[in-house]
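Here is the structure we will look at, set down as structure tokens.
The values are calculated or read from the model by the stated rules, or taken from the named source; none is laboratory data. These numbers come from a predicted model, not from an experiment. Cβ placement follows ideal geometry from the backbone for every residue including glycine, while neighbour counts extend to all protein chains displayed. Heavy atoms of the whole protein, side chains included, go into the accessibility calculation; ligands, DNA and RNA do not. Shrake-Rupley method; radii C 1.70, N 1.55, O 1.52, S 1.80 Å.
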Amino acid sequence: MSESAEPSPAEGSVRVVGTAHVSADSVAEVEQVIDDKRPDVVAVELDEGRYRQLKGETPDNLDASDLLHGNTVFQFLAYWLLSYIQTRMGERFDIKPGADMMAAVETAESLGINVALVDRDIQVTIQRFWARMTFLEKLRMLWQLTVGLAGFGDEAEDIDMDDLTNADVVTAMMAEFRRFSPGGAEALIDERDAFIAHRLVALREQGFDVVAIVGAGHRAGILGYLENPATLPPMQSLVGVQKKRFSVYKAFGYLFTLGFLVFFILLAMAGARNGFLLELFVAFFLINGIFSFTLAKLAGAHWSSATVGGAVAWMTSVNPLLAPGWFSGYVELRYTSVNITDIGKLNDILSDEDSPMGELWSRMKAVPLFRLILIVAMTNIGSMIASVLFAFVVLPYMAADVGGIDGVARLMVQGAENSADLILRQFT
């Protein structure tokens with residue numbers, strides 16, 4: 001809570017007010033309820049980061065290193081796209097998104113009432129939702145949203161307006177994404193309902209009378225938990241990083257690593273000339289380096305950033321725990337810093353319906369956060385493309401000297417036989 005408050009000896013109470021975050025009527029309702037009720041605490045569906053943004057405080061620079069590993073780049077991209085959708089919805093209803101939460105905070109402060117932030121951190125929510133989506137669902141989601149942002153579709157026609165106007169940005173995301181991943185969306189809506197309910201139950205048990213301002217999409221779930229707290233899942237199950245039991249991307253990466261190592265080991269065991277093996281490795285190094293470097297430069301990377309990404313691309317292609325984009329991104333941070341306000345800048349650019357696409361793209365690349373994400377992603381994509389081309393184009397061409405792919409296959413079989421003989425001799 002923003003200030004200390006003395007709980008009463010008896011158990012308190014909680015009144016849950018469901019609002020539409022892009023509705024002027026909700027702002028008036030929030031102000032009226034708080035003024036009439038005069039509770040001990042006003043609980044709002046915000047975390048610390050979103051609270052600071054609504055208050056207009058200058059946010060700290062993002063720890064951009066968090067964006068440079070695993071799926072975090074794409075999680076942040078999804079978060080940005082969702083923020084853009086809510087911004088567009090706010091424009092349609094001529095009200096700033098989150099105005100109801102801001103009204104709750106300002107009304108409480110003007111009356112000397114304590115404010116409690118009861119929502120889960122937005123980054124945790126996005127990460128857990130992303131982890132529960134399948135690979136194909138992620139691709140479909142990003143493609144559909146990107147098409148809408150590029151102006152080839154009208155997101156307003158594809159989204160249920162009633163659902164969106166009765167929800168905050170995360171609930172809006174679930175309503176839009178339910179068709180992409182129904183189970184994951186439902187689970188994460190329930191998780192946030194339970195998280196907020198945990199906080200409200202704790203306030204009530206301390207004897208506070210609370211008015212809770214939440215998105216209307218959460219109201220029913222929260223009320224259910226308040227009426228029967230015994231049904232609440234453990235708080236520990238609602239926080240922390242969601243681990244996936246199986247990842248198609250990582251599985252492919254491990255298989256590729258294993259295949260790469262087995263390929264060279266068997267050729268070596270078959271007695272393939274060292275010159276041929278060296279030529280293959282140099283070709284693998286060069287094609288990875290060229291593609292990663294080129295795409296990084298096209299994304300706007302400095303020469304040093306693109307060079308580092310290209311230099312390590314061969315290594316990261318055979319190690320699923322690394323990615324060349326991490327390295328190019330870290331180097332790029334020597335020249336720029338990123339800030340959460342970059343998201344607002346991107347939304348403003350995308351809301352410009354008069355400028356040509358080329359001009360909009362140039363303006364977006366000038367925003368540090370977008371350029372950093374683009375550099376990381378494009379460097380990784382370059383390495384992925386190069387690995388595929390090596391396997392299906394470069395290798396067949398170079399294998400002509402040893403009898404083509406059939407010749408390489410025979411060498412690998414011979415290498416396997418030689419390896420088996422060597423192992424058997426160790427036990428006889």
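A few comments on the model shown:
- Residue in the stretch 131-145 that is within 30 Å of Lys37 (Cβ to Cβ), buried (at least 19 other Cβ atoms within 10 Å of the Cβ) and either at pLDDT 75 or above or in contact with a Ser or Thr (Cβ under 7 Å, 6 or more places away or on another chain) (or both) present: no
- Sub-8 Å Cβ pairs linking a first residue in the stretch 288-317 that is under 14 Å from Tyr330 (Cα atoms) and open to solvent by less than 50 Å² (accessible area, probe 1.4 Å) to a second residue that is in a loop (DSSP other than H, G, I, E, B) and not charged (D, E, K, R), at least 6 apart or interchain, are Ser305/Tyr335; Gly309/Ala301; Val312/Leu322, ordered by first then second residue.
- So Asn418, is it in a helix (DSSP H, G or I), under 30 Å from Ala268 (Cβ atoms) and in contact with a Gly (Cβ under 7 Å, 6 or more places away or on another chain): no
- Note on the stretch 353-390: residues that are under 27 Å from Leu333 (Cβ atoms), surrounded by fewer than 19 Cβ atoms within 10 Å (Cβ to Cβ) and among the hydroxyl-bearing types (Ser, Thr, Tyr) amount to 1.
- Considering residues of the stretch 201-211 that are out of contact with any Phe, Trp or Tyr (no Cβ under 8 Å at 6 or more places or on another chain) and not charged (D, E, K, R) only, the residue farthest from Ile113 (Cα to Cα): Ala202
- Only a single item in (1) surrounded by fewer than 19 Cβ atoms within 10 Å (Cβ to Cβ); (2) modelled with pLDDT of 85 or more is not met by Lys345, and it is number (2).
This table checks each residue for (1) over 30 Å from Ile265 (Cα atoms); (2) within 34 Å of the chain's Cα centre (by Cα); (3) not polar (S, T, N, Q).
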position: Leu369; (1), (2), (3): yes, yes, yes
position: Leu374; (1), (2), (3): yes, yes, yes
position: Met378; (1), (2), (3): yes, yes, yes
position: Gly382; (1), (2), (3): no, yes, yes
position: Gly407; (1), (2), (3): no, no, yes
position: Arg410; (1), (2), (3): no, no, yes
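- The criterion of being on the phi < 0 side of the Ramachandran plot and modelled with pLDDT under 85 does not hold for Tyr225.
- Of the candidates Phe281, Phe293, the single residue that is assigned to a helix (DSSP H, G or I), out of contact with any Lys or Arg (no Cβ under 7 Å at 6 or more places or on another chain) and either under 15 Å from Ile381 (Cβ atoms) or among the hydroxyl-bearing types (Ser, Thr, Tyr) (or both) is Phe293.
- Within the stretch 228-270, if we keep just the residues that are under 30 Å from Phe135 (Cβ atoms), outside any helix (DSSP H, G or I) and modelled with pLDDT of 85 or more, the residue that is least open to solvent (accessible area, probe 1.4 Å) turns out to be Pro233.
- Restricting Ser304, Ser328 to residues that are in a helix (DSSP H, G or I), within 30 Å of Val262 (Cβ to Cβ) and of a type in the set (Ser, Thr, Tyr) narrows the list to Ser328.
- Residue that is modelled with the lowest pLDDT [pool: residues in the stretch 23-41 that are buried (at least 20 other Cβ atoms within 10 Å of the Cβ) and in contact with an Asp or Glu (Cβ under 9 Å, 6 or more places away or on another chain)]: Ser26
- Under the condition of being touching a residue at least 60 places away in the same chain (Cβ under 8 Å) and touching a helix residue (DSSP H, G or I) at 6+ places or on another chain (Cβ under 7 Å), the residues counted in the stretch 352-369 number 2.
Residue by residue, here is whether (1) part of a helix (DSSP H, G or I); (2) modelled with pLDDT under 85; (3) not charged (D, E, K, R) holds:
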| position | (1), (2), (3) |
| --- | --- |
| Tyr335 | no, no, yes |
| Arg371 | yes, no, no |
| Thr379 | yes, no, yes |
| Gly382 | yes, no, yes |
| Val394 | yes, no, yes |
| Gly407 | yes, yes, yes |
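- Matching residues in the stretch 195-225 - criterion: being touching a helix residue (DSSP H, G or I) at 6+ places or on another chain (Cβ under 6 Å) and part of a helix (DSSP H, G or I): Phe195, Ile196, Ala197, His198, Val201, Gly217, His218, Gly221, Ile222, Tyr225
- Test result for Asp342, of a type outside the set (A, V, I, L, M), touching a Pro at 6+ places or on another chain (Cβ under 7 Å) and more than 17 Å from Ser304 (Cα to Cα): yes
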